[in-house]
Amino acid sequence: MEKRTILKLPGDGIGEIVLEQAIRVLDAAGFKADYVHGDIGWKYWCTEGNPLPDRTIKLLEKYKIALFGAITSKPKDDAAAELAPELQGKGLVYFSPIVSMRQHFKLDTCVRPCKTYKGNLLNFVRRNADGTIDEPNIDVVIFRQNTEGLYGGVEWTNPNDEVYKGLMTHVKFQKNFADVPRDELSISTRIFTKKATEKILRAAFEYARKFGYESVTLCEKPNVLRETSGMMFKMAKKMQAEDYPEIRLKNTNIDAQMMWLTKNPEDYGVLVAGNLFGDIISDGFAGLIGGLGFACSANIGDEVAVFEPTHGSAPKYADYPVSIVNPIAMIASACMMLDHIGEVEMAKRIRNAIAEVIEEGKVKTYDMMKMHGSPDVIEKGAATTEQMTDAIIAKL
């Protein structure tokens, strides 16, 4: 096996904890790598005014592959208040470093699989008409456009003359907002481009074809968001008809989809959506397989790829004397990295080890036991973060 150099970006809170556990599993599986640390997160915002320092960008440009833990984000005013005194009043504005990273490196394809682990007590169940309990098998992969849409960062509060003049050219703005004082306006844009939309749609269809999924479901809101969602739906129909006729294209609105995913989740395979709706639907499906402790993801560009769990930094848990958090999402994200670089069999071995531990049921973190995340869960039988990792390594 070629020895790799992997950039590790622990970030904030529990990010460093779960990242180190994932590296332990990679080592145990025989993955040969050198790990280079990269600075990212809240600490660097507070002390440097930049949560994604240029030195970290240069490291990612050099090494191309990164494992990322988690970051803390706070609203604009709260973020500004936590800047070091010497940085106050300099016009610095906090922007999520993971969003900045996605945009800088054009990591526009986000892949988020949500698959049932047999034996997980947190799996979604439903009651049948005869009173019996049914546990559907969920095998869903969400493709989320990662760099545009509402997360594009093109926003204004109290828009300037040039922006306001442009807005006033739209009849809807004239009719509904012309009498609103300008300093009371806050505006976020939702920008879709054909190039990025075509890329995420094709990635979804290609994945469905490669792995034998019968359908691709577009999850947007074209009946209301006629320009952005409408464009995406039109492009999806054309692409399916011309290039993927064997794959069924489904179209569901995001609000309806959130209802349907708890009625018949087994009917869905590959889903594709813009940035915000992809974020929402992936968290919704993650809830059906046990929550964010099981939710992994990949951010993939033409040259650079970053792999991360979809949970947050959970700072209160990072301060516990013994870590109680579930490392599976981070370990599964490392498996996605292995797939990406061609170590498919190694990734399969690790996934099988995770599945065996969960099905066996002897080692469960607090979330898997439906406990609240307090320090005393260990005394009540919950496994520590390290014990869960130990169990997975033992299965390897």
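Based on this model, can you work out whether Gly290 counts as buried (at least 17 other Cβ atoms within 10 Å of the Cβ), within 15 Å of the chain's Cα centre (by Cα) and more than 14 Å from Leu19 (Cα to Cα)?
When the stated conditions are applied, Gly290 does not pass them.
Which ones in the range 24-43 are in a helix (DSSP H, G or I) and either crowded, with 19+ Cβ neighbours inside 10 Å or not assigned by TED's automatic domain parsing to the domain that holds Gly91 (or both)?
Listed by number, the residues that qualify are Val25, Leu26, Ala29, Trp42.
Ser229 fails exactly one of the following numbered conditions: (1) over 15 Å from Gln145 (Cα atoms); (2) part of a helix (DSSP H, G or I); (3) at pLDDT 95 or above; (4) not acidic (Asp, Glu). What is the number of that condition?
(1)
State whether one or more residues within the range 260-269 are among the hydroxyl-bearing types (Ser, Thr, Tyr) and surrounded by fewer than 15 Cβ atoms within 10 Å (Cβ to Cβ).
Taking every residue of the range 260-269 in turn, at least one turns out to be among the hydroxyl-bearing types (Ser, Thr, Tyr) and surrounded by fewer than 15 Cβ atoms within 10 Å (Cβ to Cβ).
Considering each of Leu150, Leu122 in turn, give the residue that is in contact with a strand residue (DSSP E or B) (Cβ under 9 Å, 6 or more places away or on another chain) and of a type outside the set (D, E, K, R).
Leu150
If I ask for residues that are over 20 Å from Lys199 (Cα atoms) and either small (Gly, Ala, Ser) or under 16 Å from the mean Cα position of the chain (by Cα) (or both), which ones from the range 99-147 would you list?
Just the residues of the range 99-147 that are over 20 Å from Lys199 (Cα atoms), to begin with: 114-139.
Cys114, Lys115, Gly119, Ala129, Gly131 - these are the residues of the range 99-147 that are over 20 Å from Lys199 (Cα atoms) and either small (Gly, Ala, Ser) or under 16 Å from the mean Cα position of the chain (by Cα) (or both).
Give me the pairs: first residue in the range 203-217 and assigned by TED's automatic domain parsing to the domain that holds Gly301 and among the acidic types (Asp, Glu), second residue buried (at least 19 other Cβ atoms within 10 Å of the Cβ) and modelled with pLDDT under 95, beta-carbon distance under 8 Å, and six or more apart or on different chains, which are they?
Hits for this filter: zero, empty list.
Within the range 251-288, track down each residue that is assigned to a loop (DSSP other than H, G, I, E, B) and modelled with pLDDT of 95 or more.
Scanning the range 251-288 gives Tyr268, Gly269, Gly274.
Against the condition surrounded by fewer than 22 Cβ atoms within 10 Å (Cβ to Cβ) and in a loop (DSSP other than H, G, I, E, B), how does Lys62 come out, does it pass?
Here the answer is no, as Lys62 does not meet what is asked.
The values are calculated or read from the model by the stated rules, or taken from the named source; none is laboratory data. These numbers come from a predicted model, not from an experiment. Neighbour counts run over all protein chains shown; Cβ positions are idealised from the backbone, glycine included.
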